[in-house]
Amino acid sequence: MDLLNATYFGNTLYNYIIFILFIIFGIIFGKLFNSIIKAYVKKLVGKTKTKFDDIILEAIEVPIILLIFVGFLYLGLKFLVLPSSIDILLNEAIRIVVILCGTWFAVNFVDDFINHYIMPIVEKSETKFDDQVISPLRKLLKILIIIAGLLMALKTAGYDITTLLAGLGIGGLAVALAAQDTVKNFIAGVLIFVDKPFKINHWIKFDGGEGIVEDIGIRSTKIRTFGDSLIIVPNANLLSANIENFSEMRKRRVLVNIGLTYDTSVEKLNKAKEIIKNIIDDHNATLPPIRITFKEFGDFSLNIRVEYFIRNFGFDYYLNTIDEINMKIKEEFEKEGIEMAFPTQTVYIKKDEDN
């Protein structure tokens, strides 16, 4: 018993043993709590209809185990006589750990809440709003929670966060001036989401190029060109550009000239117009107005102006329709003996009467 009462650095050996036992108990109870959660609580919570309790359990699992250990550590420290400076420091450290555990819980809770409740709702919408807005805002919200937790921890540690924030304000002004373009692009990105001049997978043409919109981010938009290169355009530049959105066309226009040879009779010319009109009328992909006109006497052909529209079911559908119509026109012209013109030139040679 005398050994237990022996004093070392102001505390008896008995006090040190009690302190160590509390640390051991903290580790044991932490592991026991973790085992109970995994073996029983998670199964019980998994049977409920709501996901809210699952979110709370997942968010609190690790922080609560750490808090159990810290709680036992705090109780163990009560059995030790420590210098006031060290005692204050340890108490502040424990409070900081509690704040950080709360921050950990808040970050996990917000992240899981968005993942389980917000994301499924947004993903059902026709827009890509979840990938382009929710994901960045999700990260931003977590960063803000972490910053708030760190500021509370610093305040607990005795730092004057008012002075700190004022200092950050001066530095923040310099950062803000340097980040004007970033802010401008962010605002432009938000306006693109609201105004919706184009969406992902839309075919657009703008001042700097043409291609398929691959991604719309907060700062920039990625456009895949038809040559398979990737154009990354700052949102502010894109918002101020003239944009032609081909994917928003309700129908695609076709305008061609079909030239017939000059020896084509009026009868065959009218027949050609009739053939073209019937073929376009009969095709299920075409839409009015359909205009077939003998337009002009060309340099080497009688030109028929053909104008019609095709349903906008995509670029491949558009090309395939043109191909089918053109092949059918060629086939019918051959049956009727109607000849298409090609560049020709007639040369007249004057004969010398003296020879």
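Between L137 and D53, what length comes free when the chain is fully extended (0.36 nm per residue of separation minus the Cα-Cα distance, one decimal in nm)? Intermediate results must be reported in sequence, preceding the final value.
Numbers: separation 84, 0.36 × 84 = 30.24 nm, distance 2.39 nm.
Roughly 27.9 nm would be gained on extension.
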Alpha-carbon centroids, the range 203-256 and the range 82-99: separation in whole Å: 59 Å
Total lysine pairs under 19 Å (Cα atoms) in the range 249-336, excluding pairs fewer than 8 apart on one chain: 18
Overall form of the range 199-247 per C-alpha gyration tensor (a/c, 1.5; a/b vs b/c): rounded
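Ranked from highest to lowest mean number of other Cβ atoms within 10 Å per residue, what is the order of the peptides 18-31, 214-227?
Output ranking for 18-31, 214-227: 214-227, 18-31.
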Spacing of the two label points (7 Å from each Cα toward its C-beta) at E339 and I118, in nm: 7.3 nm
Estimated FRET transfer efficiency (V41, T225; beta-carbon r; R0 45 Å; 0.05): 0.25
Label-to-label distance, nm, for residues given as K205 and D316 (7 Å Cα→Cβ offset): 2.3 nm
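Each reported figure results from applying straightforward, stated rules to the coordinates on display, with no laboratory input. None of the values given here were measured: they were computed from a predicted structure. Every residue, glycine as well, gets a Cβ built from its backbone with ideal geometry; the counts of neighbours run over all protein chains shown.
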